[in-house]
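No value in this document is a laboratory result; all are computed from the given coordinates. Fair warning: this is a prediction, and the values are worked out from it, not measured in the lab. With ideal geometry, Cβ positions are generated from the backbone for all residues, glycine too; neighbour counts draw on all protein chains shown.
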Amino acid sequence: MKRPLAYIAGTGRGLPATVMTNFDFAKIGIETTDEWITDRTGIKQRYIAKTESATDLAAAASRRAMEKAGITAGELDVIVLGTASPDRLLPSAAVDLQAALGAGRAAAFDIGAACAGFIYGVTVAEALMCTGNAETALVVGVEKLSAITDWTDRSTCVLFGDGAGAAVLKRSKQHRGILSTFIRSDGSLGDLLCRPGGGAREPFSQNVLDTRSQYIKMNGREVFKNAVRSMSEASARALDAAKLTGTDIDLMIPHQANIRIIESTAKYANIPMDKVFVDVDKYGNTSAASIPIALDEAIEQGRAGEGSLVLLVGFGAGFTWGSMVVRL
Ligand code: ACO
């Protein structure tokens, strides 16, 4: 096991004011039921940003994380932000967040790794700290997926939610910190979960609007199979690298996409469900924000605290997947 170089000094989450329950879909003419959504996904409600921007949510999460870490924005050397739903396509969401926080001396950039964005972000931030490029880093996952969801497609619109989660990384003291990381991608499967229109290949046009191709398109069954396989592999890889097994772990915090994916991954990793943090019922799938929101909530609820061994594992469009073992 390597000596940790960076540790999580504080976490925070930022959520919109509006909650949408499964019963609210009837009000917007979507043919679905609470029973269908609950049975297939475990989701009961999600937060939807009506007035908040992605930057607002990210800033709220970041301020809480910095407060808990006991630092000010001016101390940040780097801001790494994972998102698939930035407020605007240029410049990056990270620089918009930097401006909102007043983190004047930080380098800020986005990570495009969809639901695995937080795992990728922490991995990159830790690497920058290892090479002496940063002493203090802010890693954020933020999504306003409601803006890129097709609200006429019942197979996807019931799944997603909006929100942000953040973590401040500082240089490690003693044995607290990131013990192992693992990241992988498979771009040959990119079409299974994507937003085909509105990019440089097919810029915005009437055809994009007519075909609704600016919204998320997903082959749910294929995503499901790959998510289980990849998250299981990722869990094993991070545990092996840290020379640990599932029984050593105090709490597993998986990406919150679907309770059935979570249960299968936990079973494969040999971690009982009472050691798995689940909040997909409350937030839905918040993509890059899901793991840091869950981590923040787990700490707040006392399910994890200083000294806990935590396994984080995620999977998303790309496909991208990854994991890490952290001593909090
Ligand atoms: N309400 C009611 N019925 C629905 C709904 C809905 N919201 N959505 C689809 N259906 C119907 C379909 O029309 C279909 O009807 P038919 O048999 O008459 O044609 C039926 O339900 C079955 O549809 P499937 O898509 O085959 O349903 P499945 O059992 O695969 O469940 C689901 C769909 C929940 C999306 C599942 O595939 C899944 O969870 N996949 C993982 C996807 C995921 O989590 N993606 C998130 C992004 S990626 C990530 O974060 C990992």
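For this structure, a couple of remarks:
- Selection from the range 311-328 of residues that are away from the ligand (no atom under 12 Å from the Cβ) and within 20 Å of residue 258 (Cβ to Cβ): 311, 312, 322, 323
- Scanning the range 181-219 for residues that are within 11 Å of the ligand (Cβ to nearest atom) and either over 16 Å from residue 155 (Cβ atoms) or in contact with a Ser or Thr (Cβ under 6 Å, 6 or more places away or on another chain) (or both) gives 216, 218.
- Considering the range 278-310, and only residues there that are part of a loop (DSSP other than H, G, I, E, B) and within 16 Å of the ligand (Cβ to nearest atom), the residue that is farthest from residue 15 (Cα to Cα) turns out to be 278.
- Candidates 185, 155, filtered to the one that is surrounded by fewer than 17 Cβ atoms within 10 Å (Cβ to Cβ) and either touching a residue at least 24 places away in the same chain (Cβ under 8 Å) or of a type outside the set (Val, Ile, Thr) (or both): 155
- Against the conditions (1) touching a Leu at 6+ places or on another chain (Cβ under 9 Å); (2) within 30 Å of residue 36 (Cα to Cα); (3) of a type outside the set (D, E, K, R), residue 211 satisfies every one except (1).
- Matching residues, the range 141-159, being among the β-branched types (Val, Ile, Thr) and either away from the ligand (no atom under 12 Å from the Cβ) or part of a loop (DSSP other than H, G, I, E, B) (or both): 142, 148, 149, 152, 158
- The test for being surrounded by fewer than 19 Cβ atoms within 10 Å (Cβ to Cβ) and among the aliphatic types (A, V, I, L, M) does not hold for residue 93.
- If only residues of the range 225-262 that are of a type outside the set (A, V, I, L, M) and farther than 22 Å from residue 317 by Cβ are counted, the one that is nearest to the ligand (Cβ to nearest atom) is 246.
- The residue of the range 21-58 that is farthest from the ligand (Cβ to nearest atom), among those that are free of Cβ contacts under 8 Å to residues at least 40 places away in the same chain and in contact with a strand residue (DSSP E or B) (Cβ under 7 Å, 6 or more places away or on another chain), is 50.
- Scan of the range 204-257 for residues that are among the β-branched types (Val, Ile, Thr) and either part of a loop (DSSP other than H, G, I, E, B) or out of contact with any Asp or Glu (no Cβ under 7 Å at 6 or more places or on another chain) (or both), ordered by number: 211, 216, 223, 228, 245, 247, 249, 253
- Looking across the range 263-272, the residues that are away from the ligand (no atom under 16 Å from the Cβ) and either among the aromatic types (Phe, Trp, Tyr) or in contact with a strand residue (DSSP E or B) (Cβ under 9 Å, 6 or more places away or on another chain) (or both) come down to 269, 271.
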